[in-house]
Amino acid sequence: MILGIDFGGTKVALGLADDAGTLLATRRLDTDAEAGAEQVVTRALAGAKALAADEGARVDSVGVVSPGIVLEDRILLAPNVPGWEQLHLRSLVAAEFGGVPIATGTDAKAAALAEWEFGTLAGADPAVFLSLGTGIAAAVLIGGVVLAGANGAAGEIGYNLLTPQDTDGFASGSAPLEEAVGGRGLGRRAAELLGRPVTAASLFALARENTQAKELVTSALDELSMHVANLAIAFDPSRIAVGGGLVRSADVLLPVLRDRLAGAVPFPPELVAARFDQDASLLGAVALAMRLGTGG
């Protein structure tokens, strides 16, 4: 059996899959981010072992994904859980599952791999997976292989600059595009505008009847669609799949993106909703584990 572990900012997803990548059993845990990184990993690994025991499963390989860039001795670009960037994630997993092959990766890139292996990006080359959730990221696949980049940071478009005045960006602790149009940033901006707590999901619903909410959504989608068009111009993909929590508002989101692609890109790619809106990164963790030893 293959064990998948998807560490997220608000929840941890655990899953057991067969050798074809079909999830047979899953569990979810709250991250409880404010309590720090180590307790998240400790509880998740205990939960994973309990899941395997309850299912009577022998774990043959493990795939683990997380926000950020997972290195042997730390995790980069993952500031949302205190202490997360200091984790030796692979070592902690290996200590619980000694001798079992372990694959680690970035959650958005893993989700892209899941869409290539099992979902709407199958056969598309090049392909782009756009993750629109709490944060914003993209992944480019060429021949079914995710482009990592020199530092593992290819596709981290949340750090894209918005104006020529954004001269510092990452150096100043900012992720300009993510703060402008990511789920957390949209919720914060909406709360400031409307004077009450608002999530990104509820903002899209409010935009149907509230003028201020509609103007904020329109502005955010105008900004986002420009960056998606630039991404399409840079990589000339045949298909873009949009996943993440915001795709639940696909009826508003996708038409705006399609219109911008049609008008701005010399060869507009097909734009589709991702197949997986709940388990994309978890299935990506499974897909990473499936590729262990294959050279894929």
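Please pick out the residue among Arg58, Arg90 that is free of Cβ contacts under 8 Å to residues at least 60 places away in the same chain, surrounded by 15 or more Cβ atoms within 10 Å (Cβ to Cβ) and out of contact with any Pro (no Cβ under 6 Å at 6 or more places or on another chain). Unique residue meeting the criteria: Arg90.
In the set (1) at pLDDT 90 or above; (2) on the phi < 0 side of the Ramachandran plot; (3) surrounded by fewer than 17 Cβ atoms within 10 Å (Cβ to Cβ); (4) not aromatic (Phe, Trp, Tyr), Ser172 fails one condition alone, (1). The condition of being at pLDDT below 95 and either under 21 Å from Pro67 (Cβ atoms) or acidic (Asp, Glu) (or both) holds for only one of Gly144, Gly182, that being Gly182. Restricting Gly119, Gly98, Gly83 to those that are out of contact with any strand residue (DSSP E or B) (no Cβ under 6 Å at 6 or more places or on another chain) and without any contact (Cβ under 8 Å) to a residue 12 or more places away in the chain reduces the list to Gly98.
Among the conditions (1) acidic (Asp, Glu); (2) surrounded by fewer than 18 Cβ atoms within 10 Å (Cβ to Cβ); (3) under 17 Å from Ala280 (Cβ atoms), the only one that Asp6 does not satisfy is (2). Being closer than 27 Å to Arg189 by Cα and surrounded by fewer than 20 Cβ atoms within 10 Å (Cβ to Cβ) holds for only one residue in Asp236, Asp277, and it is Asp277. Within the range 1-18, the residues that satisfy the criterion of being part of a loop (DSSP other than H, G, I, E, B) and at pLDDT 90 or above are Met1, Asp18. Arg43: under 20 Å from the mean Cα position of the chain (by Cα), surrounded by 14 or more Cβ atoms within 10 Å (Cβ to Cβ) and charged (D, E, K, R), yes or no? Judged against the criteria, Arg43 is not a match. On the basis of being in a strand (DSSP E or B) and touching a Ser or Thr at 6+ places or on another chain (Cβ under 9 Å), does Val40 make the cut? Against the criterion (in a strand (DSSP E or B) and touching a Ser or Thr at 6+ places or on another chain (Cβ under 9 Å)), Val40 does not qualify.
Let's see how each residue does on (1) in a helix (DSSP H, G or I); (2) within 15 Å of the chain's Cα centre (by Cα); (3) assigned by TED's automatic domain parsing to the domain that holds Phe7:
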residue: Glu117; (1), (2), (3): yes, no, no
residue: Ala139; (1), (2), (3): no, yes, no
residue: Gly149; (1), (2), (3): no, no, no
residue: Gly158; (1), (2), (3): yes, yes, no
residue: Ala171; (1), (2), (3): yes, no, no
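When we screen Pro101, Pro67, Pro79 for residues that are modelled with pLDDT under 90 and surrounded by fewer than 17 Cβ atoms within 10 Å (Cβ to Cβ), the only hit is Pro79. Determine which member of the set Leu261, Leu162, Leu193 is assigned by TED's automatic domain parsing to the domain that holds Ala127 and closer than 16 Å to Leu130 by Cα. The conditions single out Leu261. Beta carbons closer than 6 Å, at least 6 apart along the sequence or on distinct chains, pair a first residue in the range 34-52 that is free of Cβ contacts under 8 Å to residues at least 60 places away in the same chain and closer than 13 Å to Gly4 by Cα with a second that is in a helix (DSSP H, G or I) and not aromatic (Phe, Trp, Tyr) for Leu45/Glu96.
The values are calculated or read from the model by the stated rules, or taken from the named source; none is laboratory data. Small disclaimer: the values here were computed from a predicted structure and weren't measured. Reconstructed Cβ throughout: ideal geometry from the backbone, glycine too, with neighbour counts over all protein chains shown.
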